[in-house]
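Read the structure below first, then the notes.
The values are calculated or read from the model by the stated rules, or taken from the named source; none is laboratory data. The shown structure was predicted, so the numbers you read here are calculated from the model rather than taken from an experiment. Please note: Cβ atoms are built from the backbone with ideal geometry, for glycine as well, and neighbour counts cover all protein chains shown. To get the accessible areas, we keep the full protein, side chains included, count just its heavy atoms, and leave off ligands, DNA and RNA. Shrake-Rupley method; radii C 1.70, N 1.55, O 1.52, S 1.80 Å.
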Amino acid sequence: MIPKAIKENVFYVGAMDWDYRGPGFLYQSPEGTSYNSFFIKGKEKNALIDSVSSSKKELLFEQLKGVEKIDYIVVQHVEQDRSGALWALLQSYPQAKVLCTEKSKQMLLDLITTDASRFEPIEDSQTVALGGKSMQFFETPWVHWPETMCTYIPQDQILFTCDLFGSHIASTELYAYDRLRVYQEAKLYYAQVMMPFRHIIKKHIEFFDRLKIKIIAPGHGPVHNDPQFILYAYKNWIDDFPSNMVTVPYVSMHGNTKKMTEYLVKAISDYNIHVQQFDMAVTDIWKIAVSLVDASAVIMGVPTIHLAPHPAIATLSFLINSLRPKLLFASVFGSYGWNTRAVDSIVSFLPDLNFELLSPVMCKGVPNDYTFKQLDDLAQQLAEKHVEANLL
Ligand SMILES: Cc1cc2nc3c(=O)[nH]c(=O)nc-3n(C[C@H](O)[C@H](O)[C@H](O)COP(=O)(O)O)c2cc1C
């Protein structure tokens with residue numbers, strides 16, 4: 001493979017992983033991925049920004065053929081899909097120093113066996129000259145690990161952002177021309193990985209807005225040659241204002257909770273509130289995560305098993321708590337046989353979210369007129385809340 005130039009003397013030397021599908025469960029990557037690595041050729045010094053997964057290191061080395069000297073290997077994020085080739089690089093380029101945050105240094109020493117003297121931890125905003133070009137480093141912790149940083153080349157106005165603004169896409173297109181595809185996959189990636197850190201990301205983006213940026217080069221997926229496209233999308237996802245949309249995941253063994261779901265969804269949509277309904281028996285859980293990026297509320301339909309909520313919804317609640325979406329409201333409904341603790345359990349699985357609980361609706365066996373009246377009331381309560389919150 002021939003390295004692709006994104007600017008004069010700035011080359012893409014990353015690797016496609018067409019068959020990657022993610023570690024599973026929430027973390028599925030239907031479009032493969034890429035491990036983006038960039039080679040910067042200065043007049044005096046050369047640098048490599050990030051590397052690739054060890055499974056693809058041959059592709060990286062193939063593109064570095066003829067590069068006799070790498071002075072700096074910049075590690076923006078230590079996760080092994082980004083730093084997996086580091087050990088091999090340090091052996092092939094014995095003079096190279098690793099530029100990274102102090103935290104990264106500590107974490108990398110847990111992952112690879114190497115001499116600590118190979119590391120030169122950077123300070124926030126520090127600039128390292130390459131001759132004709134320079135790299136300025138900004139500590140940007142928690143996108144999505146504690147050690148992360150970004151790198152800026154002011155001469156070319158390129159911001160390298162490690163996992164931030166990335167997407168799991170394998171493509172021969174260097175740039176994000178296929179906007180719909182990139183938007184969808186970047187949103188999935190945000191939902192899976194970045195959403196818990198949206199308040200921190202907001203501060204990072206406020207800082208980036210002060211830089212002149214022509215290109216955003218993330219660690220996965222296509223490079224953004226129109227930075228406003230991804231910045232605008234992120235600003236939308238991270239802001240506190242949800243959409244006029246509600247996520248209704250449910251599961252049902254004998255059809256009772258399903259009847260309640262269908263009635264409730266219709267009642268809510270009659271108030272012109274958009275609903276995304278998901279049967280957990282057939283839905284990939286990552287689709288719920290994407291829905292929660294925008295949702296104002298999650299209303300979960302759950303039958304009782306062994307006094308507890310059905311495990312599909314119990315697991316989902318636990319996950320929602322960890323993803324910290326911008327939900328304003330939540331509620332629970334479902335059918336049980338004789339005695340249930342489902343509502344209390346679900347609420348106890350959401351301790352880190354700051355939502356208002358709307359009136360739960362639990363019914364014994366098959367839903368009846370009284371159940372449907374309670375569901376009507378729940379829909380009305382939600383509509384009133386949407387009006388109060390200026391969503392409707
Ligand atoms: C394995 C199993 C365990 C159950 N345990 C309870 C229970 O502890 N308490 C209860 O009230 N109902 C229990 N039920 C009954 C269901 O909650 C009840 O049938 C309900 O109507 C199912 O709703 P669905 O049709 O939406 O699945 C249990 C059902 C099954 C299949």
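Assorted remarks:
- Accessible surface of residue 87 - all protein chains present, 1.4 Å probe, nearest 10 Å²: 120
- Reduced Cα scattering model of the chain, Debye log10 I(q)/I(0), q = 0.07 Å⁻¹: -0.39
- The H on the amide N of residue 363, modeled in the peptide plane, is under 5 Å from the matching H of 334, 335, 336, each at least 5 residues off or on a different chain.
- Set 4/105; 45/235; 7/69 screened for pairs whose C-alpha atoms are more than 27 Å apart: 4/105; 45/235
- Length added when fully stretched, residue 91-residue 232, from 0.36 nm per residue minus Cα-Cα: 46.7 nm
- Cα gyration tensor category, rounded, prolate or oblate, for region 62-158 with a/c compared to 1.5: oblate
- Taking Cα atoms only, the orientation of helix 179-189 departs from the longest principal axis of the chain by about 80 degrees.
- Ranked packing of 63-75, 299-311, most packed first, by mean Cβ within 10 Å: 299-311, 63-75
- In region 4-238, Rg over Rh equals 0.93, where Rg is the alpha-carbon radius of gyration and Rh the Kirkwood radius from pairwise Cα distances.
- Built amide H within the under 5 Å cut-off of residue 119, gap 5+: 98
- Computed 3J(HN,Hα) for region 312-318, one whole-Hz value per residue from the Karplus formula 6.51 cos²θ - 1.76 cosθ + 1.60 where θ = phi - 60°, is 4, 7, 4, 4, 4, 4, 4, glycine and proline marked x.
- Region 329-392: C-alpha gyration tensor shape, a/c 1.5 cut-off, then a/b vs b/c: oblate
- The dipole here belongs to region 4-238: it is taken about the Cα centre, uses +1 on the Cβ of Lys and Arg and -1 on the Cβ of Asp and Glu, and is about 440 debye.
- Mean separation of Cα contacts under 8 Å, 6 or more apart, over the residue count of region 4-238: relative contact order %: 17
- Magnitude of the charge dipole for region 277-370, about its Cα centre and with charges confined to Cβ atoms of Lys, Arg (+1) and Asp, Glu (-1), is about 120 debye.
- Looking at region 293-372, the trypsin sites (Lys or Arg not before Pro) that sit in a DSSP loop and have at most 14 other Cβ atoms within 10 Å of their own Cβ are 341.
- Range of Cα positions in region 280-389 per principal axis (Å), largest first: 34, 31, 26
- Kirkwood Rh in Å, taken over all unlike Cα pairs in region 1-90: 13.5
- For the chain, the relative contact order works out to 12 percent when only alpha carbon pairs closer than 8 Å and six or more residues apart are counted.
- Karplus (6.51, -1.76, 1.60) ³J(HN,Hα), θ = phi - 60°, over region 70-80, in Hz, Gly and Pro reported as x: 10, 8, 10, 10, 8, 10, 7, 7, 8, 3, 5
- Mean sequence separation of contacting Cα pairs (under 8 Å, at least six apart), scaled by the length of region 1-74, corresponds to a relative contact order of 29 percent.
- Folded to 0 to 90 degrees: helix 227-238 orientation relative to the chain principal axis, Cα: 40
- Partners of residue 373 within straight-line reach, counting aspartates and glutamates whose Cα lies under 15 Å from its Cα and excluding those fewer than 8 residues away in the same chain: 262, 270.
- Cα shape, region 144-270, gyration tensor, a/c 1.5 rule: prolate
- The magnitude of the dipole of the chain, with charges of +1 and -1 set on the Cβ of Lys/Arg and Asp/Glu and taken from the Cα centre, is near 360 debye.
- Carbon and sulfur %, accessible surface of region 319-392 computed with the full protein complex present, 1.4 Å: 48
- Projecting label points 7 angstrom from Cα along Cα→Cβ for residue 240 and residue 25 puts them 3.2 nm apart.
- Modelled FRET efficiency - R0 22 Å, residue 380 with residue 279, Cβ distances, 0.05 increments: 0.35
- Applying 1/(1 + (r/R0)^6) with r as the Cβ-Cβ distance of residue 271 and residue 357 and R0 = 22 angstrom yields a FRET efficiency of 0.70.
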